[in-house]
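Let me begin by presenting the structure, written as structure tokens, before commenting on it.
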Amino acid sequence: MRPRYHYAPAANWLSDPNGLVWQDGEWHMFYQYNPFGEDWGHMSWGHAVSSDLAQWQELPVALAEEDSTMIFSGSAVIDAGGSAGFGHDAMVAIYTGARTDRPHQFQCIAASTDRGRSFAKFAGNPVLDIQMADFRDPSVFWHAPSGQWIMVVVLSDENRALIYGSTNLKAWRELSEIPRDGAPGHLWECPFLVELPIEGTDETRWLFKVDVLSGAPGSGALYRLGEFDGTRFVAETGWQIADHGDEFYAAIGWTDPRDAQGRPAWIGWMGNHAVQKHLPPQGWRGAMSAPRRLSLRRESETLRLVQAVEPSCLELFGPRETLLLNEGCRPVAAASVLELPESAGWSFTLSDDAGRRLSCSLADGRLIVERHDPITPQLAHVSAMDVSSDAPVQVLLDTGSIEVLASGGADCLTLQHRLAGEAFALRGKGAMTVRYLAVSA
Ligand code: FRU
């Protein structure tokens, strides 16, 4: 069953979002893609575009594996000043070349002057090569105060993130290293560094996020907040968890344009490398999360990341209807948004005829989410998080996924699921509102 309002390719494997960039009214989303099948391999950049971040159109593969070199994750920028020599406003993709014949990864660029429809790989690639087996996932943005392009990139196997600077996207100079400071787990991937507004103030701080392949809590996406001066990231907080579920990985953002509150949007892969290969084939594999706007909130002497579902995605849903759950079991459409109070206790379970179950409950400020799947037992999941706010808990349901945003967006949880059907059986206790999908994405 394909998702009704989350992005999934028509066919084949999808993983990390790549090259998120906006140009002339069009949001571009590239992503890790295998043009030849449902398993990981032949990694290339798939491509989709949207005018509103809610409805997406899939386009042909943008960057394909070539010369024994796969196209691993990376980012894209609009080179307004033509600094790289590909012309004013060229779209420049910065990606990792990963050799298939030997363990060697390096950073490359490719340029497009036709709105991302076709890319020419730079003849002078690689632009950054330190002869490493695991050196990947460049995240590049323009840093106006220091007048240079900044790249954050990881030495994955060493759990290290390096910052490089460049004035032309071709010659890169190492500037500093982001401190590891006791981060749990092993194998860093997909770093992301971005400046975010602090709610209700004129202040900003920088978020550094990295995905840890194994041994880190939640989905593996860890973040810390601090200052970045064009050379160095100085952390002010410890490591925090960006998502408590199993499947919010490799998120990166569109750093521009921002909304009226100065918030950029990001999006994550609703999958993970441990589980994805166990999912039964269905012609395509992998979907993106809903895009989420990012800001920071000051909370009892610390700062936290706050994620809010992109408003244009919520506009796809109809008006709120009240649902009282003490009435026994009732069907609820698979594509819907539920809202439940964070100040009262409640519980609900969604199930299908095959015995799959998704349960959420809130009691004494503790939100527990459980996933049970007798057919794909690798999906077993239970997590608990302490939540606190006046805002309702928001639950985005779709065929294939559930996203829970609690504590006013400071505690998020993303899971894929395989509940079958257009509607799920809902039982539980408490009151909620539900909005049904009105416009198909
Ligand atoms: C994360 C990742 C990246 C790599 C890409 C390859 O999911 O392992 O580190 O660039 O996927 O597909």
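Using only the Cα atoms of the stretch 120-232, each taken as one equal point scatterer with no solvent, compute I(q) by the Debye sum, divide by I(0), and report log10 of the ratio at q = 0.12, 0.17, 0.24 Å⁻¹.
Treating every Cα as an identical point scatterer, log10 I(q)/I(0) equals -0.45, -0.87, -1.39.
Using a Cα distance threshold of under 30 Å, what count of lysine pairs results for the chain when pairs must be 8 or more residues apart or interchain?
Details: LYS121/LYS170; LYS121/LYS209; LYS170/LYS209; LYS209/LYS277.
Lysine pairs meeting the criterion: 4.
Cα-based Rg (one decimal) and Dmax (whole number) for the stretch 293-441, in Å?
My reading of the Cα-based Rg and Dmax gives 15.1, 48 Å.
Going by average Cβ density within 10 Å per residue, which order do the peptides 315-324, 286-295 take, highest to lowest? If you can, show how the numbers build up before the last one.
On the way: 315-324: 13.3, 286-295: 24.9.
Result, highest mean Cβ count within 10 Å first: 286-295, 315-324.
Where does the charge balance sit around SER75 when Lys and Arg score +1, Asp and Glu -1, over other residues with C-beta under 15 Å from its C-beta? Don't jump to the answer; show the numbers that get you there.
Numbers: positive: ARG136, LYS209; negative: ASP16, ASP79, ASP137, GLU189, ASP211, ASP256.
Overall, the nearby charge balance is -4.
Counting Lys and Arg as +1 and Asp and Glu as -1, what is the net charge of the other residues whose Cβ lies under 11 Å from the Cβ of PHE141? All intermediate terms of the calculation are to be shown ahead of the outcome.
Working: positive: none; negative: GLU195, ASP256.
Residues close to PHE141 contribute a combined charge of -2.
Let a ≥ b ≥ c be the square roots of the eigenvalues of the Cα gyration tensor of the stretch 1-143; is it rounded (a/c under 1.5), or, if not, prolate (a/b larger than b/c) or oblate? Numbers along the way, then the final one.
Working: a/c = 2.00, a/b = 1.09, b/c = 1.82.
In terms of gyration-tensor shape, oblate.
Please give the Cα centre distance for the stretch 211-257 versus the stretch 303-366, rounded to the nearest Å.
Going from one Cα centre to the other spans 26 Å.
Could you give the nm distance between label points at HIS273 and ALA425, where each point is 7 Å from its Cα heading toward the beta carbon?
Those two pseudo-labels are separated by 3.9 nm.
For the chain, what is the mean residue ellipticity at 222 nm derived from helices alone (per DSSP H run of n ≥ 4: -39500 (n - 2.57); sum divided by total residues; nearest 500 deg cm²/dmol)?
Per the formula, 0 deg cm²/dmol.
Taking the alpha-carbon centroid of each part, what is the distance from the stretch 106-184 to the stretch 390-441 in angstrom?
Answer, in whole Å: 37.
Binning every alpha carbon pair distance of the chain at 20 Å from zero, what are the percents per bin?
In order of increasing distance, the bins hold 27, 59, 15, 0 percent.
Return a whole-number percent for the relative contact order of the stretch 201-332, with Cα pairs under 8 Å and 6 or more residues apart as the contact set. It would help to have the intermediate numbers written out before the result.
Numbers: 197 pairs, mean separation 19.7, N = 132.
Once divided by the residue count of the stretch 201-332, the mean separation gives 15 percent.
When a/c reaches 1.5 or more, the comparison of a/b and b/c decides; with that in mind, is the stretch 318-402 rounded, prolate or oblate per its Cα gyration tensor? Could the numbers behind the result be given before it?
Values: a/c = 1.79, a/b = 1.23, b/c = 1.46.
It is oblate, given that a/c is not under 1.5 and a/b is not larger than b/c.
Provide the net charge surrounding LYS121, with neighbours chosen by a C-beta distance below 11 Å and charges set as Lys +1, Arg +1, Asp -1, Glu -1.
Values: positive: none; negative: GLU66, ASP67.
Local net charge: -2.
Can you give the FRET efficiency for TYR436 and THR376, using 1/(1 + (r/R0)^6), R0 = 41 Å, r = Cβ-Cβ distance, to the nearest 0.05?
On the way: r = 27 Å, r/R0 = 0.66.
Efficiency, rounded to the nearest 0.05: 0.90.
Restricting things to alpha carbons, tell me how big the stretch 254-305 is in terms of Rg and Dmax, in Å.
Cα radius of gyration and Dmax of the stretch 254-305 are 16.3, 49 Å respectively.
Among LEU225, LEU296, LEU175, whose mean-square fluctuation peaks in a Gaussian network model of the chain (Cα, cutoff 10 Å)?
With Cα springs under 10 Å in the chain, the top fluctuation among LEU225, LEU296, LEU175 is at LEU175.
Values in this text are rule-based calculations from the coordinates and carry no lab data. All of these numbers come straight from a predicted model, not from anything done at the bench. Virtual Cβ from ideal backbone geometry, glycine too; neighbours counted across all protein chains shown.
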